[in-house]
Each structure stands twice: as structure tokens, then as C-alpha cells.
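Read through the structure below, which is laid out as C-alpha cells, and then see the notes.
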Amino acid sequence: MEIWFSLPKVGWYNAILQPAFHLPYPDDTLAFVVLSTPSMFDKALKPFVNKERLKIIRDPVDQCVSHHLSRVKEKFPDQKVDVIFDYEILPSRKPKFLAQTAAHVAGAAYYYQRKDVKLDPWGKKKIYGVCIHPKYGGWFAIRGLLLFPDIQVLFLKQPAPVDCVSTEEKRIELLEQFNFHWQDGRYRDIIEVKERYSEEQKAYFATPPAERFRLLGLTQEAQRSTFH
């Protein structure tokens, strides 16, 4: 699977969040933020679908990520490895972890938020933040968190994320595009990128989830019959 692992300690994450969002591990616990790059679609998802065609019953991307992270866990048979996926939620309906915050503290991608704009033009409007990767811009995804509860890293230096959208004007443009025009994907190209999603991949993610099966040569009827 074409993924990036970025290295944080749990304490870096917990230090900037309210207790309700803390991860229940000691501060020095080793963790990895898992990102998928644009080539994940061709190098991981499509081969996974072709191989596991009759077993896919829910979401192909989520199952593909789960499959590959399970393989990562198998590489550490003597270690306890916990996995939290980006879509998992607590009984309170809060996410199990804040993916964009985790990516920022790990130095993987810069999480641009309203507080990063000095002259706020939005008044009382709700403005959501967005992560930008220095190589892929907005053409990537945060897929999960790998935690090693029995490994404590005491002397790890925290990396700073690359501030690749450094001007006030560009930050306003980024947040405007992400919050009010996210469907057209322009925010993903706020910087010059090295790689972006293929046209096929863009079409896949632009399609409502219930209709994506046919784009991969799958049918929902097949999924139901396989499930039963």
C-alpha cells in the first residue's frame, strides 16, 4: 500500500487538546499517523478489490486500509499494536481521534485553521480547518493511527509541519475554497503539487458512496448475496 507513516508521541497530541479528546495512553507512547498518497488508488485499492472481490461487503477503501494495516501489525508479532481508523467514533459520537490534529503534531501536514489568519474576514460563519501536505497539497488522506502501548520514546524531538501556505492571502483563499467550494477540489491545488488524484480516482470519490461499487466493477447485489 502506498502510505506515509509520520511519527508522533501521544503526549504531543494530548497537550494541545481538551481532556475529552485525549488518547488514553501515557505521553511517551509511540504512535504513527498513516496517510494515503494519490497512488494508493492504483497501487493498493484496485489490486485489493480484484483479489478480494467476493469478500467486499461494506466500503472498499476502508476495508483496503484495514487489510494493509493488519499486515503491518503482523510484522510485529511480539508487540501490542492498537489501530484507530479515521472513521471510528466513540459512544458519545465524538471521533476516536482528531486526524488533522494528529497529522499536524506529527509533522506530516500543516493543519490550517481560522486562528492562522490574522485579519479574519468571516464574522460569525463557521470555518473548518484543513490539512495541506507540502508535496501532495490536498491530494492525500489521513487514514488512521497505529499505537504501540508497550513502547515508550523518551527523547524524541517533535518535527514541525511544513508551513507551505505561508501568506495571509493564500490562507484565506484556502479556507474559503475548502469551506464554501470544497466540491470542486480547488483547495487541493492551493500549492504546486508533485502528484494528484487520477481522473478515475477523482470520479470515484466524487460519486455518492452507494454508487461507487459499479465504478470498481462490483454490484451491491453481489455484496448482499456474499454477506448472506
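The values are calculated or read from the model by the stated rules, or taken from the named source; none is laboratory data. Computed from a predicted model, the values in this text were never measured in an experiment. Positions of Cβ are backbone-derived with ideal geometry, glycine not excepted, and every protein chain shown enters the neighbour counts. To get the accessible areas, we keep the full protein, side chains included, count just its heavy atoms, and leave off ligands, DNA and RNA. Shrake-Rupley method; radii C 1.70, N 1.55, O 1.52, S 1.80 Å.
A few points about this structure:
- Hits in region 196-213 - residues which are free of Cβ contacts under 8 Å to residues at least 60 places away in the same chain, part of a loop (DSSP other than H, G, I, E, B) and surrounded by 12 or more Cβ atoms within 10 Å (Cβ to Cβ): Thr207
- Consider region 16-72 and keep the residues that are among the β-branched types (Val, Ile, Thr) and part of a loop (DSSP other than H, G, I, E, B). The one that is surrounded by the most Cβ atoms within 10 Å (Cβ to Cβ) is Thr37.
- Test set (1) modelled with pLDDT under 95; (2) under 27 Å from Gly138 (Cα atoms) - Leu54 fails condition number: (2)
- Residues in region 73-94 that are open to solvent by 40 Å² or more (accessible area, probe 1.4 Å) and hydrophobic (A, V, I, L, M, F, W, C) were compared, and the one that is farthest from the chain's Cα centre (by Cα) is Phe76.
- From Lys118, Lys124, Lys157, Lys135, residue being loosely packed, with under 14 Cβ neighbours inside 10 Å, outside any helix (DSSP H, G or I) and touching a residue at least 40 places away in the same chain (Cβ under 8 Å): Lys118
- Some residue of region 71-84 being closer than 30 Å to Asp189 by Cβ and modelled with pLDDT of 95 or more: yes
- Considering Phe148, Phe97, the condition of being within 18 Å of His22 (Cβ to Cβ), among the aromatic types (Phe, Trp, Tyr), open to solvent by less than 20 Å² (accessible area, probe 1.4 Å) and not in a loop (DSSP other than H, G, I, E, B) is satisfied by Phe148 alone.
- Of all the residues in region 176-195, those that are among the charged types (D, E, K, R), within 23 Å of Asp120 (Cα to Cα) and in contact (Cβ under 8 Å) with a residue 24 or more places away in the chain number 2.
Listed here are the residues, each with its yes/no results for (1) in contact with a His (Cβ under 7 Å, 6 or more places away or on another chain); (2) within 20 Å of Tyr204 (Cα to Cα); (3) in contact (Cβ under 8 Å) with a residue 24 or more places away in the chain.
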position	(1), (2), (3)
Phe32	no, no, yes
Leu35	no, yes, yes
Ala44	yes, yes, yes
Asn50	no, yes, no
Val61	no, yes, no
Val83	no, no, yes
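- The listed residue being among the small types (Gly, Ala, Ser), surrounded by 15 or more Cβ atoms within 10 Å (Cβ to Cβ) and either free of Cβ contacts under 8 Å to residues at least 60 places away in the same chain or in a helix (DSSP H, G or I) (or both), out of Ala108, Ala102: Ala102
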